[in-house]
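Report on the structure given below.
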Amino acid sequence: MECPACRQELIVVERERIELDCCAACRGLWFDAGEFDLLAEIHGLGPAERDTARFALAPIQERPRLCPRCDRAMDKAWFDEPHTILVDRCTHGIWFDRGELGHALESVRLGRSDARSVMVSFLGETFRRPA
Ligand SMILES: [Zn+2]
Ligand SMILES: [Zn+2]
């Protein structure tokens with residue numbers, strides 16, 4: 001499977017029994033829909049909150065990225081509330097950019113403690129560890 005951002009081959013890594021696909025070049029993370037749902041559930045997000053189809057659609061300012069599963073253009077959507085993390089979304093899963101998560105980690109350090117922020121901390125951890 002190729003990285004939707006830089007087309008390198010993604011590497012499978014396992015964290016807390018979740019399998020995710022990580023790009024060693026740009027350090028982005030891909031979650032298959034089921035893996036994301038499981039991770040969100042572990043972090044205490046309710047069924048409505050972890051339903052990626054309900055994420056608010058964001059305007060696309062860049063060329064849409066292609067889903068690594070189906071090769072179709074993905075939507076840009078907001079992962080959190082207030083809107084700090086943009087993800088690329090397909091029915092097959094979601095993609096997090098390293099840069100997007102970096103911004104989000106700042107807001108977590110500023111004291112947010114909702115379930116999504118806890119999840120962002122987990123994702124930040126995953127970024128810091130070598131793949
Ligand atoms: Zn990449
Ligand atoms: Zn897809």
Residues satisfying the stated conditions in segment 21-30, i.e. within 13 Å of Pro68 (Cα to Cα) and either within 16 Å of ligand 2 (Cβ to nearest atom) or in contact with a helix residue (DSSP H, G or I) (Cβ under 7 Å, 6 or more places away or on another chain) (or both): Asp21, Gly28, Leu29, Trp30
Lone qualifier among Arg89, Arg72, Arg98 - being within 14 Å of Gly28 (Cβ to Cβ) and surrounded by fewer than 20 Cβ atoms within 10 Å (Cβ to Cβ): Arg98
Phe36 of a type in the set (Phe, Trp, Tyr), under 15 Å from the mean Cα position of the chain (by Cα) and away from ligand 1 (no atom under 16 Å from the Cβ): yes
Out of Ala77, Ala24, Ala56, sole residue that is small (Gly, Ala, Ser) and buried (at least 16 other Cβ atoms within 10 Å of the Cβ): Ala77
Any hit, segment 2-12, residues being touching a residue at least 12 places away in the same chain (Cβ under 8 Å) and closer than 18 Å to Val120 by Cα: no
Residue satisfying condition, being modelled with pLDDT of 95 or more and away from ligand 1 (no atom under 16 Å from the Cβ), within set His43, His92, His83: His92
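The values are calculated or read from the model by the stated rules, or taken from the named source; none is laboratory data. Since the structure is predicted, the reported quantities are computational estimates derived from the model, not experimental observations. Backbone-built Cβ (ideal geometry, glycine too); neighbour counts: all protein chains shown.
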